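Student: Got a structure here, written out as structure tokens. Questions coming.
Read-outs: derived from the displayed coordinates by stated rules, not from any lab. This is a predicted model, so every value here is computed, not measured. Cβ sites come from the backbone with ideal geometry, for glycine too, and all protein chains shown count toward neighbours.
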Amino acid sequence: MKKNVIVYSANWCPYCFDLKDYLRERKIKYDERDIDLSAKWRAQWLEKSTQQVVPLLDIDGHIYEGFSRKSLDKFIKNCYTDG
């Protein structure tokens, strides 16, 4: 099933690279939005973020902030088994 996947990131953020690698390993296609390159993307990130951290992953409106493989595995599974 096709999902709308957005990664809000910054080029100075090592966890952002980890998240993108994680998604590529799982063949999950995503749209990357560097919050330092666009005021529009930064505003979107601020609206979605509760902690103002990157990376922020948005899968069809389900938000995940930061990077932890264990909790991310669970989040991804829930997003992709969700009707």
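Student: Have a look at 35, 76, 15 and report the one farthest towards the positive end of the charge dipole of the chain, computed about the Cα centre with Cβ charges (Lys/Arg +1, Asp/Glu -1).
Tutor: Checking the options against the dipole of the chain, the answer is 76.
Student: OK, next. Can you give the FRET efficiency for residue 37 and residue 77, using 1/(1 + (r/R0)^6), R0 = 22 Å, r = Cβ-Cβ distance, to the nearest 0.05?
Tutor: 0.10
Student: Using unit Cβ charges (K, R positive; D, E negative) and no other charged atoms, how large, in debye to the nearest 20, is the dipole of the chain about its Cα centre?
Tutor: Here the size comes out at about 280 debye.
Student: Check the straight Cα-Cα distances from residue 3 and name the aspartates and glutamates below 17 Å, setting aside those fewer than 8 residues away within the same chain.
Tutor: List returned: 25, 31, 32, 58, 60, 73, 82.
Student: With each run of n ≥ 4 DSSP H residues scored as -39500 (n - 2.57), what mean residue ellipticity at 222 nm is computed for the chain after dividing by its residue count and rounding to the nearest 500 deg cm²/dmol?
Tutor: Computed ellipticity for the chain at 222 nm equals -13000 deg cm²/dmol.
Student: Given [x] 10.9; [y] 6.2; [z] 5.2 as candidate values of mean projected area of the Cα convex hull in nm², which corresponds to the one derived from the coordinates?
Tutor: [z]
Student: Just tell me which lysines come within less than 20 Å, Cα to Cα, of residue 40; anything on the same chain fewer than 8 places away is out.
Tutor: Hits, sequence-local ones excluded: 48.
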